[in-house]
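Quick notes on the structure that follows.
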Amino acid sequence: MQKVGFKGRFFPYVLIAPQILITLVFFYWPASQAVWQSFLIQDAFGTRVEFVWFENYETLFSDPLYFNALVVTVVFSTTVAALSLGFALLLAVMADRQIRGARAYKTFLIWPYAVAPAVAGVLWLFMFQPSLGIVAQQLKRMGVDWNYLLDGRQAMTLVILASAWKQISYNFLFFLAGLQSIPRSVIEAAAIDGAGPGRRFWTIVFPLLSPTAFFLLVVNIVYVFFDTFGIIDAVTLGGPAKATETLVYKVYSDGRLGGDLGGSAAQSVILMAIVITLTAVQFKYVERKVHY
Amino acid sequence: MTSRRIVLALMTGAAIGLSAGAASAQTEIQWWHSMTGANNDVVNKLADDFNKAQKDYKIVASFKGSYADSMNAGIAAFRAGNAPHVLQVFEVGTATMMGAKGAIKPVQEMMKEAGETFDPNAYLPAIAGYYSTVKGEMLSFPFNSSSTVMWYNRDSFKKAGLDPDKPPKTWPETIDHAKKLKAAGISCPLSNAWVTWVLIEQLSAWHNVPLATKANGLDGFDAVLNFNGPVHVRMIETLAQLQKDKIYDYAGRTNTGEGRFTSGECAIFLTSSAFYGNIKANAKFDFGNAPMPYWPDVAGAPQNSIIGGASLWVMGGKKADEYKGVARFFTFLSDTDRQANLHQVSGYLPITKAAYEKTKADGFYKANPMLETPLIELNNKPPTENSRGLRLGDMVRMRDVWAEEIEAALNGTKTAKAALDTAVERGNQMLRQFERTNR
């Protein structure tokens, strides 16, 4: 048997060098900067810098509002992930059937993904703005006291809906691809054996879809943790009274609006740790149940 | 569309080519600002006029996004060693700017070194004081200033049987008006924008009560917040009560709620005097303005209002020749005719006494009384310790913290007293942190 390999010892390293370089420059460098900054206290202009070890972290953990942001994030991210995955799966299963104009439906369902989070936020704002929004006016006519500027629950519902809506297309796309790769013969065989649509879905389709679902779960968690702040910034600014302030929005408002780079860096290090842990846990435990 | 873009691209290209050619002879002065719409044109015209008036310096005005954006851009540029010469910063960024010693060049010092004649007394004290040290040394150059006024819909007043020529003067009168407007079917009788600026900062100055110790922070970064006293608590408590019946209706932290006045939904609206241009362009009803209401039982009220807006900061570490150019530009801006014209065109307040007097003498306010309202408020009484302005560190975030607590009071999750106590406590923590990094 002939062994395939490279001639020189260094040639493989040369080939992967660009990839490594990009990872170093665009991931490890900024990440290490964040870790370094989290040990410093400095003014906005960086004219006075003081090395303080873990003081930024201590301040953070003694701040009840940080835990408030943590709770908000947990509620926000689980709801958004569940909603966007659930709806996307439902839509994908529907679109996967033999229906007239399936192609058009698919295209339309993918569109929202092309919308930037901040723009999505503004679109939802237009619909739900208490005095001018079309939907808001309808709600008021129906007797709902709609004012998310003061009502924390309404504000939360709004950002959850907007964030989930934005992610549905992406999930839909992957679910649809996953569904289409499931061999028809397996499903048909089950149908001949007398399995109804529900049973076919849960015993055949869903397990075969699990790699896709697992991948999407990871991607969605990363999405809700990092990418949703554009929507929150456009719709609620984290308000009212911190009802929609997630961890990533707090990083943004403390660092960019407050100029508190040390505290903000400490928060992003923690956020990074949370997401790394979550992903690791998912790979360790959830992946076991995944059939490739 | 495409062809327009190409033309634009070519023109920009040509402009860059030209400026590169001319730059060798002239000293370029970079001016970063946040003015949009008509005010952007005002900025460009000023730069253009200055560039035509002399040959040695060339002002290059660049729009850098919102106030927070351009301030961050300026800070980032300073860290990278290529800050602009002049940076427009909103009033709440004042403490951050002056805290950064070495990052900025005090205006008065620069004017002196450049040999420009500069008389700090020529500027309106209510405006210049906001941007000066305790000793009266001007740190930044006031550019666009405004104050809070009460805008009202004259048509709605008539509908509710109220006299539009006699707007309410006090809070009890205003609330009474609001109730009558509600009864006449107005869905939002009373509201305001910039919640903390109007309900905390202006309220304090207008009633001559402190917002923080050390003359609201002007005397030092070790100021301690204390706006949880009876005057503030009653204000928030009253509005929280009115919010329940929608006689008052909260319209958000910034000025995004201003549309509710121009659309005719809200009848009485407290916000910036610079809102004038917007109302004039968009409101399809007869409107008026009046000074902010006050509580008549508070001794000394009404005192005087404070300003909002932005000033021009000169960044540190530039060449002496460049500072000369900036100094000359500031002298150019202070010119009485130019200031008077700027005030009349933009609706922002004049910064010099002479420009105010000239506009008065021209009879401009007879035809445009609404533009004088903020000036009457600002000059109502000589400013006291409580009404010269405020200078608190981390003010951008601080306003959010205060707003959060006010929101909690307005939606009924906290009492007004508890909300303001927490706002003060959280704010003080931020001040201590700021004090530490800006020693």
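A few remarks follow.
- Counting, for every residue in A:37-47, the Cβ atoms of other protein chains within 10 Å of its Cβ and taking the mean gives 6.
- Peptide B:400-411 shows a mean partner chain C-beta count of 5 within 10 Å per residue C-beta.
- In sequence order, the range B:303-318 has phi-based couplings of 8, 8, 8, 10, 9, x, x, 9, 10, 9, 9, 9, 7, x, x, 9 Hz under the Karplus curve 6.51 cos²θ - 1.76 cosθ + 1.60, θ = phi - 60°, and Gly or Pro positions carry x.
- Amide proton proximity set for B:Q54, modelled H, under 5 Å, gap of 5+: none
- Cα-based reach from B:K112 at 12 Å (exclusive), listing aspartates and glutamates while leaving out same-chain residues under 8 positions away: B:E137
- Using the Cβ-Cβ distance between A:W53 and A:Y13 with R0 = 41 Å, the FRET efficiency computed as 1/(1 + (r/R0)^6) comes to roughly 0.65.
- Fully extended contour minus Cα-Cα distance, from A:V119 to A:T107, at 0.36 nm per residue: 2.3 nm
- In Å², nearest 10: area of A:K166 left accessible to a 1.4 Å probe: 10
- The accessible area of A:W29, taken with all protein chains in place and a 1.4 Å probe, comes to roughly 150 Å².
- Carbon and sulfur %, accessible surface of the protein assembly as shown computed with the full protein complex present, 1.4 Å: 62
- The mean number of Cβ atoms from other chains found within 10 Å of a Cβ in peptide A:253-260 is 6, as a whole number.
- Accessible area buried, both sides summed, chains A and B with 1.4 Å probe, Å²: 2900
- Counting only residues at least eight positions apart within a chain, or on another chain, the lysines with an alpha carbon under 23 Å from that of B:K52 are B:K319, B:K324.
- Gyration tensor (alpha-carbon) shape descriptor, the range A:165-292, a/c threshold 1.5: prolate
- Put simply, the amide H of B:L270, placed in the peptide plane, has neighbours under 5 Å in B:W151, B:S191, B:N192, B:A193, leaving out anything fewer than 5 places away on its chain.
- Against the criterion of solvent-accessible heavy-atom surface with a 1.4 angstrom probe, B:T336, A:T277 sort, most first, into A:T277, B:T336.
- Probe 1.4 Å, protein heavy atoms only - accessible area per residue of the range A:59-289 in square angstrom: 49
- Across the range B:413-423, rounded Karplus estimates of 3J(HN,Hα) from the backbone phi angles (6.51 cos²θ - 1.76 cosθ + 1.60, θ = phi - 60°) give 6, 9, 7, 4, 4, 4, 5, 5, 4, 5, 4 Hz, Gly and Pro being marked x.
- Of B:K169/B:K358; B:K166/B:K381; A:K242/B:K414, those spanning more than 18 Å from alpha-carbon to alpha-carbon: B:K169/B:K358; B:K166/B:K381
- Rounded if a/c under 1.5, otherwise prolate or oblate - the protein assembly as shown, Cα gyration tensor axes: prolate
- Using a probe of 1.4 Å on the protein chains alone, the accessible area found for A:V286 is around 60 Å².
- Residues in the range A:113-118 carry Karplus couplings, in order, of 5, 7, 8, 5, x, 5 Hz; the curve used is 6.51 cos²θ - 1.76 cosθ + 1.60 with θ = phi - 60°, and Gly or Pro positions show x.
- Gyration tensor (alpha-carbon) shape descriptor, the range A:59-289, a/c threshold 1.5: oblate
- Scoring A:182-192, B:221-231, B:247-257 by mean Cβ neighbours within 10 Å over their residues and listing the highest first yields B:247-257, B:221-231, A:182-192.
- Calculated FRET efficiency for the pair B:T27/B:K169, C-beta based, R₀ 60 Å, to 0.05: 0.70
- Less than 5 angstrom separates the built amide H of B:I59 from those of B:I29, B:N51, all sequence-distant by 5 or more or on a different chain.
The values are calculated or read from the model by the stated rules, or taken from the named source; none is laboratory data. Note that the structure is a prediction, hence the values are computed from the model and not measured. No Cβ is skipped: glycine too gets one built from the backbone with ideal geometry, and neighbour counts run over all protein chains shown. Heavy atoms of the whole protein, side chains included, go into the accessibility calculation; ligands, DNA and RNA do not. Shrake-Rupley method; radii C 1.70, N 1.55, O 1.52, S 1.80 Å.
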